[in-house]
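In what follows, a structure is listed as structure tokens, so that the remarks can point back to it.
The values are calculated or read from the model by the stated rules, or taken from the named source; none is laboratory data. Predicted model, so just to flag it, every value in this text is computed and none were measured. Heads up, the Cβs are rebuilt from the backbone with ideal geometry, glycines too, and the neighbour counts pull from every protein chain shown. Heavy atoms of the whole protein, side chains included, go into the accessibility calculation; ligands, DNA and RNA do not. Shrake-Rupley method; radii C 1.70, N 1.55, O 1.52, S 1.80 Å.
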Amino acid sequence: MPKKIDHEERKEKILQTALKVFAREGYRDSNLSLIATECGISRPTIYQYFKDKEEIYYYAVKLVTGRMFNKYAAYAWSTNQDLVSRITTICLDIMQTASEHEGELTSLVDVMLQMKKEGRDFNEIILRRTAKLTILFKRLLRMGVKTGDIVDCDVNKVADHLLMLLESSCFQVAFLDTFDMRLSKQLISTYLDFYRA
């Protein structure tokens, strides 16, 4: 009897292997043959899941951001912490996760830079993938203003600032050896404390 294949599990294994290969070899020097070899499958098998490296990249961004959002949305509505503390916890966890996955993050940013050189812009993709997080921040901020946990503020602007601080932190994790995570976390906490009522 043939072995039943879990296609989602295989797709994720290809993704995880691809990210390791991208981190080690660089996106440009990576290829589907190398990824297939390291996965222990044939190159034609990879083509059943992904047409090229770029599609693997898009899938990685979608998977990671989707999982993170689900985790943070579940946390945001299941805790009794005040609203500033909820937002702070989410931001600090994003930064910690970025730090713990520095190699993969560097690879993903490297892919973006290489593709930008080829004339492709990832701005719309990034905005689409971070939109749910921005909406979550706005909802928490609005609720905080309404309950009196947060001072009256321009919710849209504060959410945009948070996203910019997080993007900056992730970029620094990916590229700067001198990056001080402690200082960056302190900045986010101080910024949010300013809005605490």
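Please calculate how many Å² of accessible area the chain carries per residue, with a 1.4 Å probe and no DNA, RNA or ligand atoms counted.
58
Pull out a ≥ b ≥ c, the square roots of the eigenvalues of the alpha-carbon gyration tensor of the stretch 113-197, then state rounded if a/c is under 1.5, prolate if not and a/b is larger than b/c, and oblate in the remaining case.
Oblate, since a/c reaches 1.5 and b/c is not below a/b.
Which FRET efficiency, nearest 0.05, do Lys13 and Leu113 yield, Cβ-Cβ r, R0 30 Å? Let's see the in-between values first.
Numbers: r = 26 Å, r/R0 = 0.88.
After rounding to 0.05, the efficiency reads 0.70.
Out of (1) 39; (2) 51; (3) 47, which label holds the value of percent of Cα pairs over 23 Å apart that was computed here?
The value matching this structure is (2).
Which net charge results for the neighbourhood of Ala131, defined as the other residues with beta-carbon distances under 11 angstrom from its beta-carbon, given Lys and Arg at +1 and Asp and Glu at -1?
Residues near Ala131 contribute +3 overall.
By how many nm would the segment from Ser168 to Lys71 grow when fully extended, if each residue of separation counts as 0.36 nm and the alpha-carbon distance is taken off?
Roughly 32.8 nm would be gained on extension.
For Lys4, give me every one of the aspartates and glutamates with a C-alpha distance below 13 angstrom, ignoring sequence neighbours fewer than eight places off in its own chain.
Hits, sequence-local ones excluded: zero.
Order Ser168, Ser107 by their accessible area, 1.4 angstrom probe, all chains in place, largest first.
Per-residue accessible area, sorted high to low, gives Ser168, Ser107.
Show me the three semi-axes of the equivalent ellipsoid for the stretch 79-121, from the C-alpha gyration tensor (sqrt of 5 times each eigenvalue), largest first, rounded to whole Å.
32, 13, 5
Can you pull the percent of the chain's accessible area that's carbon plus sulfur, 1.4 Å probe, other chains left in place?
After summing per-atom areas, the C and S share lands at 54 percent.
Between Arg120 and Met143, what is 0.36 nm times their sequence separation minus the Cα-Cα distance? Round to one decimal in nm.
4.5 nm
Take every Cα pair under 8 Å in the chain that's 6+ residues apart, average their separations, divide by the length, and report that relative contact order as a whole percent.
The normalised contact order for the chain reaches 25 percent.
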